[in-house]
Amino acid sequence: MAQKNLIIVESPAKAKTLSKFLGPGYSVKSTFGHIRDLPKKGLGVDKEHGFKPTYEIGIDKQKVVNELKKTARGAVVWLASDGDREGEAIAWHVSQALKLRPQVTKRIVFHEITKPALSAAMDHPRAVDMDLVNAQQARRILDRLVGYELSPMLWKKIQPGLSAGRVQSVAVRLIVEREREIQGFKTKGQFKITADFMAGGHKLPAELKEKLPALKVAEEFLNKANGSTFRVNGIQTKAGKRNPSAPFTTSTLQQEAARQLRFSVKQTMTLAQRLYENGHITYMRTDSTNLSELAISEAERYILKNYGARYSDPKRYKTSVRSAQEAHEAIRPTGFARTVAGADEQQRKLYQLIWRRALASQMSPANLQNTELTIAMSDFQIPFIAKGEILNFDGYLKVWGGAKDDVVLPPIKSGQKLKLLAMTALETFTKPLARYSEATLVKKLEELGIGRPSTYAPTINTVQSRGYVEKKDLEGSLRQVQSITNKSGKISMHTQELLVGADRGKLVPTPLAEMTTDFLMKHFTDIVDYDFTARAESDLDKIADGHLTWQQMIKKFYAGLEPLLARSAKVSRAETVPLRELGTDPATKKPIFARYGRFGPFLQRGEAKPKKDQDTLNKPVFAPMPPSTTLDNVTLEQALPMFKLPRGVGQTEIGEPISADIGRFGPFLKINSEFISIKGRDPMIINETQAREIIKEHRDKKAKQTIRDFGDIRVLKGRYGPYVTNGVKNARVPTGQEPANLSLEQCRELLKNAAGSRKRPRRRSKA
DNA sequence: CAGTGAGCGAGCTTCCGCTTGACTT
């Protein structure tokens, strides 16, 4: 009987491609990523015994592992996961979990999913590289120690459920620090001077080389210009060149898709995944700008055929990102001849972008001719500059786009005198650095070498779902802008209003992020340091080279961490969370504070710690935050009414008292033990008539979605079809079963068999 | 789902990186 062979890779799409190259006797299976990991609950690292890790096969991976075990029986197993740290670890975990015998286990690595690359790799199998595996283990254990030792500290000192980690805490820090820079930025008004000259029957626009500092200076300048002469005293022509960018990596794809298509990072990755699964593009989680030889020659053929030899410039790009592990190619179409691909409009747009970028990367630079005219003004040091730009050859811009219209300067000689037609001084404002967007944050993290292509999108999601960061559209504000014009010698002043600071999809930190960042900066400075990951990586490289053991690295790291944990455990909550006095309550003469408690921000009237002898009347009174205010911006006027909550609104038609209050989930009405959300309305002003209407509407709606009511157990209509609920667990009504005919017994049975409701991340009230 | 707020108590939360469907009310 012929020898059985099993090839194991990470991804089913890769498995499918490989299986096409192979004859009978070979089966290709995928692990779907890592198959073993540290336990989700508990540290899983034995600090007393050399940081020995415990690995588990996750519940969702049991099936995969069983299937692999079955297929591996009696077969030669080829471990063909990626050649990087994580890929080597996957190969090792597979060999451990499957208890593979070394004699029949071969480790192979290839960088292109082609038949020749696979054959070449299979001709040179090796054993699993334990040094590389150990570097991965060190990385994994380090991240676990940081995440699982720091997070509980935040639960105690700030709020339960918070998280800290090597990657996410730096992401949050970047956003907090950028916001503080912006808040602290002092904008400066300056005046930009532009002029229109006349040169031999042609209009020539120019700009003063430097901005002027104040309105008065600008006004004086325009007056002076009236009596001045202007003369060309220099013409400089330079050849310019614009080069195409390297083909996409995950990070640059996310940035460009955000810029050109306004896709979120997550959206881009989901669409790319579909294109990849359907064989249209190469793997989308990569940090490499490398193209295979095959792709380079195919692009060359396509360019020669469709654009001609002048446009062809085959080249290889070096990856500049320092953390790159280059297990994959750059992101490119699998065939350049396929100019359109994708199942829907968004996929097609993303494919187009990838196709253009990859093809353009193999095309010639664009050639430009830049001309700069210097225009001197009599009795003034700073010259005017006029710029011209002509595109002599479009090169890669033909495919990539972005060619600007030519700016042609009129024929002019040096020394030529120019006539001034008009001059304008327009006030401009210095701007702080822009807030991060999802895509620019990814770019920054990649520059710092923090995070991997597969984690950018999840990290962006984590910092938002933990309540650290909000993605916001900023409305901007109106600003008075002054300008002065000099038209045919007549000077006039104008004021106009301009909208400044409006922006879309920017990442803004919450007060929670500020508290957490301040806490981590104070007590765990090294860990949130921008270079922490880079330093760790250099140790991991030493482990991979066999010059350092993973135990040595982790031992040293933890010896540094332990005293920080001990010290920070001693600080009190009061030291870590802010307290802001808003003013004095005119009625009681007691101070009003905005504070941050375990469940979010709240208001307090009176001192937290009344003096010993004082009676209980002096205990502080608590109240919820006014809607859409934060700890930083809530005012005394907004705060005072909140102490009147809950407020009696009136009665229902049958005499049940109705009250209005604000809880963790926003404003609500309460009738006995029934709660009805009134999100978007003000509990302070809602009246009885309105309340009755809302209650009726709510009760009607509830009755409508109820199919059967057994008291505790009900059959309801939901978004995903009919389901049974007991308030804790939900169970789908099986298709074919008429929901209205369900008996109580059947409902109980369905609920019993239903999987426990998946835990959803706890929603946090906004800070 | 609709309490509270310091700190204590039980028991819960949490990391990063590899990969897709399963799942949601």
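Would you please classify the overall shape of the range A:254-328 from the alpha carbon gyration tensor, given that a ≥ b ≥ c denote the square roots of the eigenvalues, rounded means a/c under 1.5, and beyond that prolate means a/b larger than b/c while oblate covers the rest? Prolate shape, in that a/c is at least 1.5 and a/b is the bigger ratio.
The protection proxy used here, the mean number of other Cβ atoms lying within 10 Å of each residue, ranks peptides A:570-579, A:282-291, A:378-387 as follows, highest first: A:282-291, A:378-387, A:570-579. By the rule of a C-alpha distance below 21 Å, with chain neighbours fewer than 8 residues away ignored, the lysines paired with A:Lys216 are A:Lys186, A:Lys188, A:Lys192, A:Lys224, A:Lys487, A:Lys490.
Computed over the range A:250-364, relative contact order equals 33 percent, with contacts defined as Cα pairs under 8 Å that lie 6+ residues apart. Peptides A:513-520, A:527-534 ranked from most to least packed, by the mean per-residue count of other Cβ atoms within 10 Å: A:513-520, A:527-534.
For the pair A:Thr525 and A:Lys570 in one chain, pulling the backbone fully straight at 0.36 nm per residue adds 14.5 nm over the alpha carbon distance. On the beta carbon distance between A:Leu645 and A:His124, with R0 = 60 Å, the FRET formula returns roughly 0.20. For the range A:595-715, lysine pairs with C-alpha atoms less than 24 angstrom apart, excluding pairs fewer than eight positions apart on the same chain, total 16. Helix-only arithmetic for chain A: the sum of -39500 (n - 2.57) across DSSP H runs with n ≥ 4, divided by the residue total, places the mean residue ellipticity at 222 nm at -10500 deg cm²/dmol.
Separation of the range A:1-61 from the range A:191-256 is 60 Å, based on Cα centroids.
Among A:221-232, A:704-715, the peptide with the highest mean count of other Cβ atoms within 10 Å heads the list, and the full ranking is A:221-232, A:704-715. Between A:Leu474 and A:Phe185, the C-beta separation translates, for a Förster distance of 22 Å, into a calculated FRET efficiency of about 0.90. For the range A:209-274, taking Cα atoms only, Rg and Dmax work out to 24.2, 67 Å respectively.
For the range A:249-279, the residues whose amide N sits under 17 Å from a probe point set 7 Å from the Cα of A:Ala343 along the beta carbon direction are A:267-279. Diffusion of the range A:1-94 by Stokes-Einstein, at 25 °C in a medium of 0.890 mPa s and with Rh set to the Kirkwood radius over alpha-carbon pairs, works out to 169 µm²/s. Shape verdict for the range A:48-93, please, from the Cα gyration tensor: rounded (a/c under 1.5), prolate (a/b greater than b/c) or oblate. Taking the square roots of the gyration eigenvalues as a ≥ b ≥ c, the range A:48-93 is oblate.
For A:Gln369 and A:Glu207, calculate 0.36 nm times their separation in residues minus their Cα-Cα distance, and state this gained length in nm to one decimal.
56.4 nm
Find how much the distance from A:Thr706 to A:Asn392 grows on full extension, using 0.36 nm per residue of separation minus their present alpha carbon separation; answer in nm with one decimal. Walk me through the numbers on the way to the answer.
Working: separation 314, 0.36 × 314 = 113.04 nm, distance 7.13 nm.
Result: 105.9 nm gained on full extension.
Residue exposure proxy: A:Glu345, A:Glu656, ordered by other Cβ atoms within 10 angstrom of their Cβ from fewest to most, comes out as A:Glu345, A:Glu656. Here each label is just a point 7 Å from Cα along the line to Cβ, and for A:Glu688 and A:Met198 those points are 8.0 nm apart. When the alpha-carbon atoms of chain A are used, the pair Rg, Dmax equals 33.4, 102 angstrom.
Read-outs: derived from the displayed coordinates by stated rules, not from any lab. Please read these numbers as outputs of a predicted model, since none were measured by experiment. All Cβ positions, even for glycine, are placed from backbone atoms using ideal geometry, and neighbour counts span all protein chains on display.
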